[in-house]
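Heads up: the structure comes next, in structure tokens.
The values are calculated or read from the model by the stated rules, or taken from the named source; none is laboratory data. Small disclaimer: the values here were computed from a predicted structure and weren't measured. Cβ sites come from the backbone with ideal geometry, for glycine too, and all protein chains shown count toward neighbours. Note: accessible area is taken over every heavy atom of the protein model, side chains too, but ligands, DNA and RNA are not part of it. Shrake-Rupley method; radii C 1.70, N 1.55, O 1.52, S 1.80 Å.
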Amino acid sequence: MVRKIIDDIEKSIRETAKKLLEEGKVDLIIGYTKGSIPLRSGPCFITDASKTDMLVWNQSCDLNLAKYLAKNDDRKIGIISKGCVGRAIVHLIVEKQLNRENITIIGIPCEGVLNRAKIMVEIGDKEIIEADIEDDKIIIKGKDFNKTLPLQDYINQLCITCHYKIPPISDIILGNKKPEKPLKDDFKDLNEIESKSSKDKIEYFKKELNRCIRCYACREACPMCYCTLCFIDQNKPVWFGKTADISDNFIFHMIRAFHVAGRCVSCGACSSVCPMGIDLNFITRKLEKIVKERFDFESGISLEVLPPMGTHKFDDKQEFMIEED
Amino acid sequence: MVQKMISKEKISDLIKELQKEFKVFGPVKEEGVVLFKEITDAKEICLDYSNSKIPAKSVLFPMIDTLFSYKKEEKGVKIIENPPYEKTVILGIRPCDSMGFSLFKIFFSFGKYKDPLILNRLENITLIGMGCLEPRTTCFCTSVNGGPFNKESVDVLITEFKDNYYLESSTDKGEALIKKIKSLTDADKGDLAKIEKLQKDIESAIPVIKGLDSIHTKLDGLFDNPMWQLDAQGCLGCGACTYLCPTCHCFDVLDENKQDGSGRRIRIWDTCQFPLFTLETSGHNPRTTKLPRVRQRIYHKFNYYPKNYNIIGCVGCGRCIINCPVGSDIRNIFMSVENSSSKTEG
Ligand code: SF4
Ligand code: SF4
Ligand code: SF4
Ligand code: SF4
Ligand code: SF4
């Protein structure tokens, strides 16, 4: 069932892209294409209407393509947008980082993407030679093994809680599946980590962040990390340590998380691209929850509502401020 | 050349014997990721692995490497040198990664300025490599002068056969070492011929990428070719392909100062894929966009290395293919080089 929906969308992505290019409505289509190894996809940039068959849509399309848009790009761009790509575009417009007129949002409904890191841990160190999705199963083939995994268990956690499967704003919508009514996000997925003691929390953070090699793929893949000079790269003078030592790693990830608070669109790209399989979204989810609870704000949903970090209200709660006597 | 064997079950005995004289590093699995770490308990080693996520270069060239420490004193600064490097064995390194060690040696000893730290470590490290029974589909070592059982850059090569590990020395250092290890027995002559055949079969099954031996001359004419734009547009500019590459050796030097006036000078990994890598103090940056950075990685390995050191700067491990978050594949770049150079010639 799911497979059929996805295949149909892929077909209409190709047709739509072809048409838009042929009619000169866009100069460029940004979409997904097949990677050279199983479970991996990449971005593709198509200007030639005869090449639209390169476009794919499947559950390994985990990048946030909004990353490839830029304010100073004058081309007319059609961008294949699952829900979180659309949200990123909306939020970037609100932050005045994109020109709405140049962008054609081609909205597609998303069934969630796979958590590759989790699959790799399950498969161990063996090479995956072929991976296929059939109904509710992932079928993995290697040189001397076959493994079937239940699809639902390997969908990204963020996709399970995601309630914006299609972009909040689109110029074209593909697929005839009606968007489901947004579920109420109860942040239950945070229960486990929230119930840990401070000591256990630190241990958990350390265990995850210890592996970080500071390749910055997470930052580079994040549509909200668009600063010309990241705080971590400030070197005149140096602001923070840049080693892969746990204390430096901790500072980098915590501050990056603060910088995307109220801006993060829960796309999971930061975790999906991490070569070390680090899950960074336990941090971003917590911030998402805080922003929702304190400011009743969700990023990338509306072009009108200003984000909490971009506005100021005198009656904002500030019980964390310490009064001087 | 000396050939010895040990049953797989007894590998701990071998490790324990090595530990009497050496610090032993080997592949271990942590949170699903295989890395090279010091083996304190022989049970930790994970020899049934395809290749480590981070290449074994992390032992020779750690992510954080203390060059020396210092302490401010009443008169001037006291420099504290590192303790002498202990004799070390790296057990289970793959032949491609050990080729990386040979390239490090060439690079860090080339020209007027030698790197004493790296060279001293290389002197003190003995490599006991492990042949690859199951090369990955992304491996192309045989196209870049290597092979799954290449002995050139290891001191000893292990080949797994049935229930045993067969060890073959390829240097004097390796020979001296395996001669004195008591847990090893003489190799079963009957198996040796079979092992040789197995090695050949596995090696010849790896697809060969044609034209890499002359890629440097082709690249000569392609510096301004539009092909780089195609590769650069999707690249995120992260450190995955270079940090995880067994031949990349670039670093940044920093001082870490403590409030008490002590500190250390360290070097940490750095990469040509970051804009800051080429940012000069004047504020000028010769590589401001992704295109020249993407091109630099390829030129360094496949043009500058062959020209400067007469060797390709890639050992074909495939890590850059596996780990690139946007699915960039260096083999496709080789193809573009072939196609573009035939076009420019024609
Ligand atoms: S922080 Fe991660 S999940 Fe949030 S927008 Fe950036 S890439 Fe997406
Ligand atoms: S992508 Fe992963 S390894 Fe790289 S900096 Fe981010 S968390 Fe660290
Ligand atoms: S360039 Fe890629 S294939 Fe070559 S040695 Fe480096 S990581 Fe391995
Ligand atoms: S490819 Fe880049 S990071 Fe790697 S050694 Fe060359 S310059 Fe350094
Ligand atoms: S790993 Fe991929 S995305 Fe990252 S710098 Fe290398 S080619 Fe670019």
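Structure above, values below:
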{"read-out": "Tally of residues being in contact (Cβ under 8 Å) with a residue 12 or more places away in the chain and within 10 Å of chain B (Cβ to nearest Cβ) across the stretch A:233-247", "value": "3"}
{"read-out": "Residues of the stretch A:6-51 that turn out to be open to solvent by less than 40 Å² (accessible area, probe 1.4 Å) and either over 25 Å from the mean Cα position of the chain (by Cα) or assigned by TED's automatic domain parsing to the domain that holds A:E130 (or both), as a count", "value": "3"}
{"read-out": "Output for the stretch A:113-138, where each listed residue is open to solvent by less than 40 Å² (accessible area, probe 1.4 Å), more than 14 Å from chain B (Cβ to nearest Cβ) and touching a strand residue (DSSP E or B) at 6+ places or on another chain (Cβ under 6 Å)", "value": "A:I138"}
{"read-out": "Selection status of A:R87, within 18 Å of the chain's Cα centre (by Cα), more than 12 Å from chain B (Cβ to nearest Cβ) and under 17 Å from A:M224 (Cα atoms)", "value": "yes"}
{"read-out": "Residue check, A:V265 within 16 Å of A:L63 (Cβ to Cβ), touching a Lys or Arg at 6+ places or on another chain (Cβ under 7 Å) and modelled with pLDDT of 95 or more", "value": "yes"}
{"read-out": "Pair list, Cβ < 8 Å and 6+ apart or interchain, from the stretch A:208-223 residues that are in contact (Cβ under 8 Å) with a residue 12 or more places away in the chain and more than 8 Å from every other protein chain (Cβ to nearest Cβ) to residues that are more than 14 Å from ligand 1 (Cβ to nearest atom) and not in a helix (DSSP H, G or I)", "value": "A:C212/A:A244; A:C212/A:M276"}
{"read-out": "B:K197 touching a helix residue (DSSP H, G or I) at 6+ places or on another chain (Cβ under 8 Å), in a helix (DSSP H, G or I) and open to solvent by 20 Å² or more (accessible area, probe 1.4 Å)", "value": "no"}
{"read-out": "Residue in the stretch A:145-153 that is assigned to a helix (DSSP H, G or I) and over 17 Å from A:N281 (Cβ atoms) present", "value": "yes"}
{"read-out": "Where A:E134 falls short, out of the listed (1) free of Cβ contacts under 8 Å to residues at least 60 places away in the same chain; (2) among the charged types (D, E, K, R); (3) farther than 30 Å from A:R263 by Cβ", "value": "(1)"}
{"read-out": "Meets criteria (closer than 25 Å to B:L117 by Cα and acidic (D, E)) for B:D260", "value": "no"}
{"read-out": "Failed item, numbered, when A:F145 is tested on (1) more than 22 Å from the chain's Cα centre (by Cα); (2) away from chain B (no Cβ under 13 Å); (3) not polar (S, T, N, Q)", "value": "(2)"}
{"read-out": "Scan of the stretch A:192-213 for residues that are touching a helix residue (DSSP H, G or I) at 6+ places or on another chain (Cβ under 7 Å) and in a loop (DSSP other than H, G, I, E, B), ordered by number", "value": "A:K196, A:N210, A:C212, A:I213"}
{"read-out": "Those residues of the stretch B:249-277 which are within 16 Å of ligand 5 (Cβ to nearest atom) and either within 11 Å of chain A (Cβ to nearest Cβ) or at pLDDT below 95 (or both), in sequence order", "value": "B:W269, B:D270, B:T271, B:Q273, B:F274, B:P275, B:L276, B:F277"}
{"read-out": "Flag if B:P325 is within 25 Å of the chain's Cα centre (by Cα), within 14 Å of chain A (Cβ to nearest Cβ), within 30 Å of A:C218 (Cβ to Cβ) and surrounded by 21 or more Cβ atoms within 10 Å (Cβ to Cβ)", "value": "yes"}
{"read-out": "Hits in the stretch A:277-301 - residues which are more than 14 Å from every other protein chain (Cβ to nearest Cβ) and in a loop (DSSP other than H, G, I, E, B)", "value": "A:D296, A:F297, A:E298, A:S299, A:G300, A:I301"}
{"read-out": "Residue satisfying condition, being within 23 Å of B:I6 (Cα to Cα), buried (at least 16 other Cβ atoms within 10 Å of the Cβ), more than 14 Å from chain A (Cβ to nearest Cβ) and out of contact with any helix residue (DSSP H, G or I) (no Cβ under 8 Å at 6 or more places or on another chain), within set B:S98, B:S69", "value": "B:S98"}
{"read-out": "Options A:V121, A:V90; residue that is over 19 Å from A:T16 (Cβ atoms), in contact (Cβ under 8 Å) with a residue 24 or more places away in the chain and not assigned by TED's automatic domain parsing to the domain that holds A:P38", "value": "A:V121"}
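Table: residues versus (1) in contact with a strand residue (DSSP E or B) (Cβ under 8 Å, 6 or more places away or on another chain); (2) at pLDDT 90 or above; (3) buried (at least 18 other Cβ atoms within 10 Å of the Cβ); (4) under 30 Å from A:G78 (Cβ atoms).
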site: A:P167; (1), (2), (3), (4): yes, yes, yes, yes
site: A:N176; (1), (2), (3), (4): no, no, no, yes
site: A:D186; (1), (2), (3), (4): no, no, no, no
site: A:I193; (1), (2), (3), (4): no, yes, no, no
site: A:K201; (1), (2), (3), (4): no, yes, no, no
site: A:Y204; (1), (2), (3), (4): no, yes, no, no
site: A:C212; (1), (2), (3), (4): no, yes, yes, no
site: A:C222; (1), (2), (3), (4): no, yes, yes, yes
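Quick grid of which residues meet (1) closer than 23 Å to B:I312 by Cβ; (2) within 14 Å of ligand 4 (Cβ to nearest atom):
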site	(1), (2)
B:T185	no, no
B:K210	yes, no
B:N225	yes, no
B:P246	yes, yes
B:D252	no, yes
B:D260	no, no
B:C272	yes, yes
